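The values are calculated or read from the model by the stated rules, or taken from the named source; none is laboratory data. Everything quoted here is computed from the prediction, not taken from an experiment. Every residue, glycine among them, receives a Cβ derived from its backbone with ideal geometry; neighbour counts consider all protein chains shown. Surface accessibility is based on the protein's heavy atoms, side chains included, excluding ligands, DNA and RNA. Shrake-Rupley method; radii C 1.70, N 1.55, O 1.52, S 1.80 Å.
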Amino acid sequence: MTIDALPARTRRKELMDRLAEPRHYDVAVIGGGATGLGVALDAAARGFSVVLVESHDFAKGSSSRATKLVHGGVRYLAQGNLSRVREALHERSTLLANAPHLAQPLPFVMPAYKFWESPFYGLGLKVYDALAGKDGLGATEFLNRAETLARLPTLQPKSLRGGVKYWDGQFDDARLALALARTAARQGALLVNYCAATRLIHDGGKLTGLCVKDRETGHTHELHASCVVNATGVWVDRLRLQDGQAMGRDTKPMVAPSQGVHIVVDREFWPTDHALLIPGTSDGRVLFAVPWLGKTILGTTDTPRRDLAREPLPFREEVDFILRESARYLSRAPGLADIKSLWVGLRPLVKPADDDAESTKSLSREHTILVSKSGLVTVTGGKWTTYRAMAGDVLEKCFAAQLLPARTGIPTDHLKLVGAQGSGVRLSDAPGLHLYGSEAGAVQSLRGADHELGGGLTEAMVRFAARYEYARTVEDVLARRSRLLFLDAALARTLAPAVAALLQQENGIDAQLQPFLALCGQYLSVPA
């Protein structure tokens, strides 16, 4: 793909000029994570006029901190909700087809240390295969002890009886979010990061728009829309409470946040392209060891939190739990000194809705959609795998509430995301994660394509991020356009000054180097 064939450049001034134009949108989306971006793309593909604002960067919150798995929910089989698993398996297949440069099939192995584990888990995984049907990625296999160790060479061999191999998917969450944003823009949507929704606008008891503030300049704008979607993840209650106050009613919070901690270590601790799943650890949780972009992710936890920090810190007991459980299953276990990056994501767990001032419908156990009396549409919960189905559910809810006229448009189940055409170039030893896809040639055509800064990041990639991928800060580039902060925080810290200098050339603004250096320290720090 040539530069001229790319979707439009993301010049900040042009975006803000468009935002300042007096117009009425069909849909205004608040929140640039998986859900908000999915809604923006779906609505734009149906021919609606769409604006999306994000207070920080796209996928800055939980949507860049997943375990990087595209899955149907093996753990959910035991709950008996087969329709939920079947939907997720179909969405898994759709995501892999629409973004093959960012998502790939991934083999998993569940090791068996007790005589009953292989037949028990194997039977469940055979059901998983059956539910997937034509969307299956590969058949479940029973492995003997030697076959298990051949696939997982650093697995603890003591008392090992065998294992079960099955298939799920893996992806790059932050870059998928970026692909959604750019695809929505290609469909006509206006998306602006670093633009915060500060106030909702009501007229005659109805929500008619919102006030936004450009976080770079401080300039404010009023946006008017027929439908306003609150897709701010764990932060949805802030807008819900504001909406309730404007309507003179008491609105109860709906989100109880929980955090998941991930530890990244070198590939030498898990030198295989197979992932490990332990379905029942010593305290009943699940343990993953997942190969990703040349490193290994260990996790995760599920710990309630009361605060809603943008950069939540892990608890020491969470880190100790992951390392302790890893030591039970890895023949060479990593320690505190081996941690290359330590990061935390918040999950928006939805409380039962008991506010009789709102009509509510839970469309699945994972995501919930509410429409307030004023017309504010709030969506929260869910997981990355089903982002597209969630977006469709949101729009169906908007139609039912008569906020929008029902419209079909371009089906998103076959809508290829930006970069999906062609195989691109290989940027890591993780097979299939061709992060730029068909745009790889355009990146290579930019000045500095052969100038590697380190960790596989080139000068051209930084320039491309600034010109075409909405990147404004060092963190945008090193955390989400590339994933170096999540893979090797010390290396990211070393490269940060060079990235800041390039962004200064491209954007002409402060690239926020010092805050990023402090953030690197956090991703390297183990709590006392």
Fill in: Breaking point among (1) buried (at least 18 other Cβ atoms within 10 Å of the Cβ); (2) over 21 Å from the mean Cα position of the chain (by Cα); (3) in a strand (DSSP E or B); (4) not small (Gly, Ala, Ser), for residue 239
(3)
Fill in: Members of segment 204-222 that are in a loop (DSSP other than H, G, I, E, B), open to solvent by less than 40 Å² (accessible area, probe 1.4 Å) and in contact (Cβ under 8 Å) with a residue 60 or more places away in the chain
205
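Could you check segment 325-356 and list, in sequence order, the residues that are assigned to a helix (DSSP H, G or I) and in contact (Cβ under 8 Å) with a residue 12 or more places away in the chain?
Those that are assigned to a helix (DSSP H, G or I) and in contact (Cβ under 8 Å) with a residue 12 or more places away in the chain: 325, 326, 328, 329, 336, 338.
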Practice prompt. Taking residue 392 as the residue in question, decide whether it is closer than 30 Å to residue 296 by Cβ, at pLDDT 95 or above and surrounded by fewer than 21 Cβ atoms within 10 Å (Cβ to Cβ).
Written response: no
Response to the item:
Those residues of segment 265-290 that are under 28 Å from residue 482 (Cβ atoms), outside any loop (DSSP other than H, G, I, E, B) and over 17 Å from the mean Cα position of the chain (by Cα) come to a total of 11
Worksheet item: Based on what the data block shows, is residue 253 surrounded by fewer than 16 Cβ atoms within 10 Å (Cβ to Cβ) and under 30 Å from residue 156 (Cβ atoms)?
Response: no
Worksheet item: Across segment 339-352, which residue is nearest to residue 258 (Cα to Cα) among those that are modelled with pLDDT of 95 or more and either touching a Phe, Trp or Tyr at 6+ places or on another chain (Cβ under 7 Å) or open to solvent by less than 10 Å² (accessible area, probe 1.4 Å) (or both)?
Response: 344
Worksheet item: Of 103, 40, which residue is within 15 Å of the chain's Cα centre (by Cα), within 30 Å of residue 476 (Cβ to Cβ) and small (Gly, Ala, Ser)?
Response: 103
Fill in: Hits in segment 279-306 - residues which are within 17 Å of residue 328 (Cβ to Cβ) and open to solvent by 10 Å² or more (accessible area, probe 1.4 Å)
279, 280, 281, 282, 283, 284, 285, 286, 288, 300
Worksheet item: Does residue 66 count as in a loop (DSSP other than H, G, I, E, B), open to solvent by less than 10 Å² (accessible area, probe 1.4 Å) and small (Gly, Ala, Ser)?
Response: no
Worksheet item: So which residues in segment 496-521 are surrounded by fewer than 18 Cβ atoms within 10 Å (Cβ to Cβ) and in contact (Cβ under 8 Å) with a residue 60 or more places away in the chain, if there are any at all?
Response: 507, 509
Worksheet item: Do we find a residue being assigned to a loop (DSSP other than H, G, I, E, B), open to solvent by less than 30 Å² (accessible area, probe 1.4 Å) and over 25 Å from residue 295 (Cβ atoms) anywhere in segment 29-43?
Response: yes
